[in-house]
1. Of everything in segment 314-354, what is part of a loop (DSSP other than H, G, I, E, B) and over 14 Å from Asp99 (Cα atoms)? Give them in sequence order.
2. Taking the criterion of being over 30 Å from Cys94 (Cβ atoms) and not in a helix (DSSP H, G or I), would at least one residue in segment 279-286 satisfy it?
3. If I filter segment 294-306 for residues that are aliphatic (A, V, I, L, M) and in contact with a helix residue (DSSP H, G or I) (Cβ under 7 Å, 6 or more places away or on another chain), do I get at least one hit?
4. Scan segment 312-348 for residues that are among the basic types (Lys, Arg), modelled with pLDDT of 85 or more and surrounded by fewer than 13 Cβ atoms within 10 Å (Cβ to Cβ) and jot them down.
5. I need a count of the residues in segment 61-83 that are farther than 11 Å from Arg346 by Cβ and free of Cβ contacts under 8 Å to residues at least 12 places away in the same chain.
6. Quick one: count up the residues across segment 210-257 that are of a type in the set (Val, Ile, Thr) and within 45 Å of the chain's Cα centre (by Cα).
7. I need the full set of residues from segment 287-300 which are in a helix (DSSP H, G or I), surrounded by fewer than 10 Cβ atoms within 10 Å (Cβ to Cβ) and modelled with pLDDT under 70, in order please.
Amino acid sequence: MGFIKKLLQRKKKQEVPEYEIEDWNEVVYDREDYQINDKVQREEYVRGCLEQIAEASRELDNLQFEYNMVTAYLKDMEEIEALPEEEMAELMECAKKIDALEQQQSGYKERANRMSEEAYHQMERLEEEIQEGFEKLTQAEEYQDFIKRDLRKLDGEKHAYLFRRNELRRVITDTRSMAVVCSVAVIACILLLFILQFGFDMNAKLGYLAVAAVGAIAITAIFVKHSDSVKELSRVEGGINRIIRLQNTVKIRYVNNTHLLDYLYMKYNVASASELGKTWQQYQVEKAERHSYEQAERELDQCQKELLHVLRRYQIKDPMIWLHQTAAILDRKEMVEIRHNLIIRRQSLRRRMDYNKEVIAGKAQAEIKDLAESYPEYAKEILDIVGQYEEDFS
């Protein structure tokens, strides 16, 4: 009985296993807890991979538009820098006039609490999209908090399931050991009663009944505990598989949303949506004050029209932006800096596009291919699921 007691107390002495928070940037493909031979689990796993491919495809469409716009800006800069000497002189003459007139009108800007020219022109260049950008940035920050809460919740649920799975596995091992011990004990008691009955001519009927009753009760209790643990273990492993699928989906959204936030912060040169909102309000006040100088800036407006006319002759796609970037036309270093910033933005977009194409979609496609190769008997069924999903997605 002391041995049985030790077995029952064994799990109390086990230390609680510790689990580390998973890397939310990593998409996990783990078939260890999947029963691929089960049609339902097999289809769920394949569809989970296909959903990740679809998520990456949607993100790529959004990134391609922004990438094309940044590329167009870079091409405009190349067109300007490639102008012949005479045309470039004409363009620089217009830019010099504009720059001189802007300097003449800058006296009022020297008062305290004014926006810098750089900050004002940056907001002016982004004026048409700033409201949309603020809303997008606010939504992205709120969505980031929401995703983090979901990931923390899923991590907690997964760790609880993992802890319960380990506990159930110990219970199953313990009940098997206890069943063996009980069986040995019953056999030993029967042999002892047999010796007492035939060796010492004692009446052992009640002993047989008692041993049979106690053995039956103990083995039945152990069997019920074992069966319940096996059933619960199956449910827990199913829960782990479900959480892994949800984590993969949420992780993809977390990574894409993190990249979106990084890009928007870099694009608007802010650290948060609230900072962008304050800068936007300051810009609106500044703009209202500058509006009172419109009469004195008629000549400046005329020069700007002339610059636009010159730029349109050279087929610049977005000539309006150069009204506020005359310094780049006059100063090659300024042009290089702007181009450098645009290249960084484009590289950021390219990295995000490559991540969605190669890491998310590529790994998911490779996982489906590997699954079909590892289980050739289900290859046709897997291809049918892929084909049906593509039809529904299209």
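The values are calculated or read from the model by the stated rules, or taken from the named source; none is laboratory data. If you're wondering where the values come from, they're calculated on a predicted model, not measured in any experiment. Backbone-built Cβ (ideal geometry, glycine too); neighbour counts: all protein chains shown.
1. So the first thing to find is which residues in segment 314-354 are part of a loop (DSSP other than H, G, I, E, B), and the list is 314-318, 325, 331.
Scanning segment 314-354 gives Tyr314, Gln315, Ile316, Lys317, Asp318.
2. For segment 279-286, residues over 30 Å from Cys94 (Cβ atoms) and not in a helix (DSSP H, G or I): absent.
3. Filtering segment 294-306 for residues aliphatic (A, V, I, L, M) gives 296, 300.
Retained after the next criterion (residues that are in contact with a helix residue (DSSP H, G or I) (Cβ under 7 Å, 6 or more places away or on another chain)): 300.
Within segment 294-306 (the criterion being aliphatic (A, V, I, L, M) and in contact with a helix residue (DSSP H, G or I) (Cβ under 7 Å, 6 or more places away or on another chain)), the answer is yes, since at least one residue qualifies.
4. First pass over segment 312-348, keeping only residues among the basic types (Lys, Arg): 312-313, 317, 332-333, 339, 345-346.
Adding the requirement that they be modelled with pLDDT of 85 or more leaves 333, 339, 345-346.
Selection gives Lys333 alone.
5. Looking only at that region, the number is 5.
6. So the first thing to find is which residues in segment 210-257 are of a type in the set (Val, Ile, Thr), and the list is 211, 214, 217, 219-220, 222, 224, 230, 236, 240, 243-244, 249-250, 252, 255.
This time we only want the ones that are within 45 Å of the chain's Cα centre (by Cα), so: 224, 230, 236, 240, 243-244, 249-250, 252, 255.
Here the count works out to 10.
7. Gln295
The rows are residues; the columns are (1) more than 28 Å from Asp228 (Cα to Cα); (2) polar (S, T, N, Q); (3) modelled with pLDDT of 85 or more; (4) in contact with a helix residue (DSSP H, G or I) (Cβ under 8 Å, 6 or more places away or on another chain).
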{"position": "Arg164", "(1), (2), (3), (4)": "no, no, yes, yes"}
{"position": "Arg169", "(1), (2), (3), (4)": "no, no, yes, yes"}
{"position": "Thr175", "(1), (2), (3), (4)": "no, yes, yes, yes"}
{"position": "Gln197", "(1), (2), (3), (4)": "yes, yes, no, no"}
